[in-house]
Amino acid sequence: MRILVTGGAGFVGSNLAKHLESPVAGDHQVVVLDNFSSGSFTNLVDFHGDVISSGCESHEPCVRCDVIFHEASITDTTVTDQLLMMRNNVESFRNVLHWAARWNSRVVWASSAAVYGNQAAPNKLTDTPHPLNVYGYSKLAMERLAYLWSKEHPELRIVGLRYFNVYGAGEGHKGKFASMIYQLAQQMKAGKRPRIFKAGEQKRDFVSIQDVVQANVRAMQVERLPQAAVFNVGCGRAGTFNEVVAGLNKVLGTNLQAEYFENPYAFFQNHTEADISDTATILGYRPQYASIQDGILAYKASGAL
Ligand SMILES: NC(=O)c1ccc[n+]([C@@H]2O[C@H](COP(=O)([O-])OP(=O)(O)OC[C@H]3O[C@@H](n4cnc5c(N)ncnc54)[C@H](O)[C@@H]3O)[C@@H](O)[C@H]2O)c1
């Protein structure tokens, strides 16, 4: 198949693009489209397909693609310019949906656990969304757009994946928006005490990039799908920041105590945890790394931590 990956220079997109063109995934012909606003060329050095350096809002690839993985997005969650966020995320997605309608392609796209806001965990698809910032709201608007679009185009399959906190190789370019696992590891490798918010008991559903790729591939392959389906993609259990520090100490061979500081954010997700029952039942998703310890071990073994 020919597959388009938007945001393919980014963390998730580049992992997905490289997996899809590998023999194990079926040697697909993969085209990356990215405006390089936050992604990095370093993620694409070992990618062999075509790379279109452009924004989804301005460029239509001239070749038909069977599947579109739409990962392109502003991923800086602290951006407060609402028009910028909405144009970049929602209007780009509208454009991508036009291509899908013309090409009759399946669309698998990245939503976010940010649509839940600070709802009580576990986060279920039936929860009323309550995003705390315009980033989260843009993802919610995209979900609603996908729903409306699929009513007008019932032949299309559009699958939204609400990623939780993704970690793994290829996230280094994200700086302070990389996962806590990556950021704390950098501090500890430099011999510094890991700095976390008081008292380190905030909980996150940390999901490995391998499991996120797995969920995407399943969303591409599964035949029977509800229209404009949305699924949670997490590991299905929450770990605390203190557990991350303990896991890193073990894997890095350090013995550094956390340094706690006041959380400066008025709006902060204190506990995220994906209810992945639909993801398991409908997509057949089975996270390989349900424990932080195993995930950190595999991350270190990949040479990227
Ligand atoms: N990493 C996570 O923990 C996480 C969690 C929830 C959701 N997500 C979503 O997953 C997707 C991938 O995130 P990521 O972690 O790989 O971030 P990333 O910043 O590494 O990747 C996003 C990519 O999109 C590109 N881009 C942005 N706007 C574009 C546009 N208009 N046209 C073309 N390219 C554009 C950027 O240059 C970048 O390469 C995003 O949609 C993000 O919102 C990620």
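The values are calculated or read from the model by the stated rules, or taken from the named source; none is laboratory data. Remember, it's a predicted structure, so these values are computed and weren't measured experimentally. With ideal geometry, Cβ positions are generated from the backbone for all residues, glycine too; neighbour counts draw on all protein chains shown. Just the protein is used for accessible areas: all its heavy atoms, side chains included, with ligands, DNA and RNA removed. Shrake-Rupley method; radii C 1.70, N 1.55, O 1.52, S 1.80 Å.
Key figures
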{"quantity": "Heavy-atom accessible area ranking, 1.4 Å probe, most first, across LYS139, LYS189", "calculated": "LYS189, LYS139"}
{"quantity": "Cα centroid separation, region 241-270 to region 178-231 (Å)", "calculated": "15 Å"}
{"quantity": "Relative contact order, percent, region 162-305 [alpha-carbon distance under 8 Å, six or more residues apart]", "calculated": "36 percent"}
{"quantity": "nm² value of the averaged projected area, convex hull over the Cα atoms of the chain", "calculated": "14.6 nm²"}
{"quantity": "Exposure rank, largest accessible area first [MET85, MET1; 1.4 Å]", "calculated": "MET1, MET85"}
{"quantity": "Range in the chain, longest, excluding exposed chymotrypsin sites (Phe, Trp or Tyr not before Pro) [loop by DSSP; at most 12 other beta-carbon atoms within 10 Å]", "calculated": "1-264"}
{"quantity": "Filter on LYS124/LYS192; LYS198/LYS300; LYS18/LYS203 - keep pairs with C-alpha separation over 28 Å", "calculated": "LYS124/LYS192; LYS18/LYS203"}
{"quantity": "Within the chain, percent of DSSP bridges classed antiparallel, to nearest 5", "calculated": "5 percent"}
{"quantity": "Reachable aspartates and glutamates, given that their alpha-carbon falls under 17 Å from the alpha-carbon of LYS250 and they are not under 8 places away in the same chain", "calculated": "ASP294"}
{"quantity": "Relative contact order computed over the chain (Cα-Cα under 8 Å; 6+ residues apart), in percent", "calculated": "17 percent"}
{"quantity": "Region 220-280: GluC sites (Glu not before Pro) falling in loop per DSSP and having at most 10 other Cβ within 10 Å", "calculated": "GLU223, GLU262"}
